[in-house]
1. Quick check for me: using +1 on Lys/Arg Cβ and -1 on Asp/Glu Cβ, what's the dipole size of the chain about its Cα centre, in debye to the nearest 20?
2. If you roll a 1.4 Å probe over the chain with all protein chains in place, what percent of the accessible area is carbon or sulfur?
3. If you plug each phi of region 52-63 into the Karplus form 6.51 cos²θ - 1.76 cosθ + 1.60 with θ = phi - 60°, what whole-Hz ³J(HN,Hα) values come out, in order, with x for Gly and Pro?
4. Suppose R0 equals 41 Å. What FRET efficiency, 1/(1 + (r/R0)^6) with r the Cβ-Cβ distance, do residue 23 and residue 204 give to the nearest 0.05?
5. What are the ³J(HN,Hα) couplings of region 189-203, residue after residue, when phi is run through the Karplus curve with 6.51, -1.76, 1.60 and θ = phi - 60°? Round to Hz, x for glycine and proline.
6. If you rank 100, 245, 116 by how much accessible surface each has, with a 1.4 Å probe, what is the order from largest down?
7. Show the residues, 5+ positions off or on another chain, whose built amide H is closer than 5 Å to the amide H of residue 101.
8. Summing +1 for each Lys or Arg and -1 for each Asp or Glu, what net charge is found among the other residues whose Cβ lies under 13 Å from the Cβ of residue 193?
Amino acid sequence: THWKHGGIVGVFGYGGGVIGRYSDVPGEFPSIAHFHTLRVNQPASKFYSSKFLRKLCDMWDHRGSGITNFHGSTGDMILIGTSTDELEPTFYDLTHQFDMDLGGSGSNLRTPACCMGKARCEYSVLDTQAICYDLTMTYQDELHRPAFPYKFKFKVSGCANDCVAAIARSCCSIIGTWRDNIRIDQKAVQAYIGGEIAPNAGAFSDRDWGAFDIQKEVIDLCPSGCMAMDGNELKIDDRECVRCMHCINTMPSALRPGLDVGATILNGAKAPIL
Ligand code: SF4
Ligand code: SF4
């Protein structure tokens with residue numbers, strides 16, 4: 001099979017969103033002589049109704065192979081396998097029946113992606129969906145018509161946990177952070193120490209890891225060494241805190257991000273490994 005890039009085949013007016021796939025032996029396998037992939041711009045944070053997904057699968061059974069990939073590494077819904085003749089009808093169905101658009105491919109702006117943000121996550125200090133939607137709408141031309149020498153990606157995470165892996169996977173990472181102090185509930189700190197509240201919101205409670213040790217599990221793991229117990233009080237030197245989220249992840253009932261919130265924007269922010 002020849003795996004092509006965006007722009008070899010496509011829909012009228014767009015240069016991206018369809019990746020051409022052609023069999024080298026179409027005579028032997030005529031039904032997959034073409035097996036093009038469509039990238040479909042996912043809704044922000046990937047929220048769907050089951051009704052929408054059923055309808056999409058029915059459409060794709062009709063127009064293509066029925067094979068999907070939820071989601072591609074850029075974030076799009078991936079519809080795998082159709083012929084050139086079905087590209088325009090599929091695009092028409094997507095835009096007229098589903099209110100959906102194609103995503104990016106090739107040397108264009110790739111479909112922006114974001115974590116679930118404030119919609120479901122108490123850690124988020126950004127409205128990640130609003131940022132993602134704004135970037136998507138502002139850069140429609142760049143998204144659909146490849147004009148760059150190489151692809152370009154935006155990803156938005158509501159906090160430094162970076163669930164959308166913006167640092168590893170995007171060219172411009174937008175990551176929620178705060179400038180003031182971590183909010184501390186000292187009573188809840190004592191409740192963690194006393195074993196009344198499970199650390200990590202109970203995420204590791206399937207095994208007996210022994211009693212919670214705030215020194216070992218939180219203070220000693222703070223990357224900037226800016227935490228200490230002062231008697232029964234947890235102290236944080238917020239000037240040294242690098243906003244990594246570790247302590248907050250471990251004791252979410254006791255520690256919360258500050259209130260003076262914003263974003264760290266990293267350009268060219270790609271890591272070689274995830
Ligand atoms: S990146 Fe942060 S705000 Fe976004 S889902 Fe993950 S933990 Fe929540
Ligand atoms: S957020 Fe990270 S750097 Fe800041 S106090 Fe907590 S563990 Fe330390």
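1. Numbers: 26 positive and 31 negative charges, 74 e Å.
Dipole magnitude for the chain comes out near 360 debye.
2. Values: 7830 of 14610 Å².
Roughly 54 percent, rounded to a whole number.
3. Rounded to whole hertz, the list is 4, 5, 4, 5, 5, 5, 4, 4, 6, 4, 6, 8.
4. On the way: r = 48 Å, r/R0 = 1.17.
Approximately 0.30, to the nearest 0.05.
5. For region 189-203, the Karplus-derived couplings read 4, 5, 5, 5, 4, x, x, 7, 10, 6, x, 6, 6, x, 5 Hz, x marking Gly and Pro.
6. Sorted descending by solvent-accessible area, the residues read 116, 100, 245.
7. 41
8. Within the 13 Å Cβ shell, the charges total -3.
The values are calculated or read from the model by the stated rules, or taken from the named source; none is laboratory data. Everything quoted here is computed from the prediction, not taken from an experiment. Glycine also receives a Cβ, built like all others from the backbone with ideal geometry; neighbour counts cover every protein chain displayed. Each accessible area value is taken on the protein alone, full model and side chains, heavy atoms only, with ligands, DNA and RNA left out. Shrake-Rupley method; radii C 1.70, N 1.55, O 1.52, S 1.80 Å.
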